[in-house]
Amino acid sequence: MSSFRDLPIKHKLTALSVLASGSALVLACFTFVVYDGWTFRDSLIQTVSTQAKMVGYNSAAALVFGEPRSARETLSALNAEPRIISAGVYIRDGKLFASYLRDPGRDGDEALGPVLSHSNAEGHRFEANHLDLWRPIIFGQERLGTIVIRADLEAIRTRQLRYLGIAVVVLLISTLGAILVSFGFQRSISGPILGLAMTARTVSRDKDFSLRARGSGKDEIGVLVETFNEMLARIQEQNQQLQKAHDELEQRVIERTTQLEAANKELEAFAYSVSHDLRAPLRSIDGFSEAILQGYGDQLDQQGRSDLQRVRAASQRMAQLIDDILNLSRVSRGEMRYEAVNLSTIARAIASELQSVAPERPVELSILDGVIATGDPRLLRVVLDNLLRNAWKFTEKHPTAKIEFGVSHSNGKPVYFVRDDGAGFDMAYAGKLFGAFQRLHAMTEFQGTGIGLATVQRIVHRHGGRVWAEGKVEQGAIFYFTL
Amino acid sequence: MNDKVILLVEDNPDDEELTLRALKKNNIQNDVVVARDGVQALDYLFGNGAHAGRNVSILPSVVLLDLKLPKIDGLEVLKKIRGDDRTRFLPVVILTSSKEDQDLINGYKLGANSYIRKPVDFSQFIDAVRQLGLYWLLLNEPAPSER
């Protein structure tokens, strides 16, 4: 029955109404025809029975007086009734007394014979094509014989056929009428449904939720259309809200970005101011101290000269600190570029720079080639510069030095390292290594402001990596980092 | 050597004093004209204002230009110097505290010949001035002035 399901509503409706009206019609016709048949039969029986009685009565005299000819004449009156095929009068012992045939030359007595085997005095029997009816002929109190009449059912047949014909024609006409009517009316049902379907399709295709389906009255379809429209309205509303939220978010992002940019600009201005304005007075301090030393140094004693030297040293150190802070802040400013960076070539360049400044130092450099990492080339250079410079610095006191740069793997991720066999550090203070301006050595031992490792840490963190170190006093240190 | 004038554009009196001393320490005896802001510097170069009537065909051998100046700042002065035909080829050495990338870029973009960062350490400064003097006053060939 799935094929019925797939029929368009128009055809379904038509089929249904045709089926309904058709079956009603058929039932009505059938009932009518059948009933008519029955009543017709009854009326036939009635008629034939009456005729049988009349003829029987009229033949009674012939029977009594034994006059078959007279009986035959009486019987021939049955000619008036065209439906009667044949008739016969039988005397009591079953012998045929007189007969009548409508169409002589056709089957004769044998047709009537079997009738008499019936035990009832009167009765009737319907055969396929005829009705046999028999009545007793009674005169006075005596039963003289039986009259049998055979009537044909032709009339019924034609009548029924006629009725059937009419019924079929009426059926056809009404079916046609049903089809036309349903075609006309289906539009009022399937029209809105189709409209709804089209609207739905257009909405989903064009993503236009402002469309609405056309209303169609108050029936179930109308309710459907209304509900559908409500749904669309809700979706449209939600869409608008979503859009609004999206816009608000964008707005907020824009605001936030401008705020950040403003903050960054402020930071840059601050750094600029620091780099310029803070150093000027330092220059004066240092310069005029030196001027005093040079101009009046001979008038000062050792203490005085040494004091002025300390003044100079302090101002120079402050300048260095300012530079380091600036460098540290420069790391955080600016955008990061992500590229493939060859750490090996950078390390080599830095190493050769260090070597060229102090060529007399016997340093064994072992730099692994082909180490490529992804990150900001400028910042990564600063990392390697700081680490290698540290390695260089802290191996100064040793007669020979070995500095190594390479990469190892841990959990499938590369870990870069710089190793030296210099002064090393006490692991107990490892936590302070990367703090800004934290130093693990006295200023007299090694120079430095303690900002190098803090810078390294900040850069590595900006790359999303980790940095840590291991060391042993006087046995060197290894600095590891990931990116 | 005395006809080679040095134009020092510097607003900080301490720095001015130190620079003059450094020059003296290096036996650089050229006349030094000091302009304390951008306006004075341009007035001198083009013979306006306080320097009206100066023979502007005589240009300094080198201009030592600080960047942070009141009124008209160093980069503006540089722009004006490079913008005028008379002073287009005048050697300008930016002598400043700042090592900001932006200042370096702008300085060279506007046509500075050299960019020197003033060290805090005075002895280093003396050495720098010595090299400056040797180079710009003795070694370098300035552009011929158009007569």
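Data for the structure
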{"read-out": "Residue count, region A:269-312 (criterion: farther than 29 Å from A:Leu328 by Cα, of a type outside the set (Phe, Trp, Tyr) and away from every other protein chain (no Cβ under 12 Å))", "value": "11"}
{"read-out": "Considering residues of region A:167-186 that are small (Gly, Ala, Ser) and surrounded by 13 or more Cβ atoms within 10 Å (Cβ to Cβ) only, the residue nearest to the chain's Cα centre (by Cα)", "value": "A:Ser182"}
{"read-out": "Options A:Val181, A:Val170; residue that is part of a helix (DSSP H, G or I) and more than 22 Å from A:Pro8 (Cα to Cα)", "value": "A:Val170"}
{"read-out": "Residue within region A:417-431 that is closer than 20 Å to A:Arg330 by Cα, of a type in the set (A, V, I, L, M) and at pLDDT below 85 present", "value": "no"}
{"read-out": "Region B:85-132 - residue that is at the interface with another protein chain (Cβ under 8 Å from one of its Cβ atoms), hydroxyl-bearing (Ser, Thr, Tyr) and not in a strand (DSSP E or B) and, of those, nearest to A:Ser289 (Cα to Cα)", "value": "B:Ser123"}
{"read-out": "Where A:Glu67 falls short, out of the listed (1) closer than 16 Å to A:Ile147 by Cα; (2) among the acidic types (Asp, Glu); (3) in contact (Cβ under 8 Å) with a residue 60 or more places away in the chain", "value": "(3)"}
{"read-out": "Set B:Leu67, B:Leu78: member being assigned to a helix (DSSP H, G or I), in contact (Cβ under 8 Å) with a residue 12 or more places away in the chain and surrounded by 15 or more Cβ atoms within 10 Å (Cβ to Cβ)", "value": "B:Leu78"}
{"read-out": "First in region A:445-469 and not assigned by TED's automatic domain parsing to the domain that holds A:Ala423, second anywhere and surrounded by fewer than 20 Cβ atoms within 10 Å (Cβ to Cβ) and assigned to a loop (DSSP other than H, G, I, E, B), Cβ under 7 Å, 6 or more apart", "value": "none"}
{"read-out": "Scope region A:312-326; condition under 13 Å from A:Phe270 (Cα atoms) and of a type outside the set (Val, Ile, Thr); matching residues", "value": "A:Leu326"}
{"read-out": "Those strands (runs of 3 or more DSSP E) lying entirely in region A:368-440 with at least 3 residues under 54 Å from the mean Cα position of the chain (by Cα) and under 16 Å from A:Ile459 (Cα atoms)", "value": "A:372-375, A:413-420"}
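The values are calculated or read from the model by the stated rules, or taken from the named source; none is laboratory data. What you see is a predicted model; the values in this text were computed from it and never measured. Here Cβ is always computed from backbone atoms with ideal geometry, including for glycine, and neighbour counts include all displayed protein chains.
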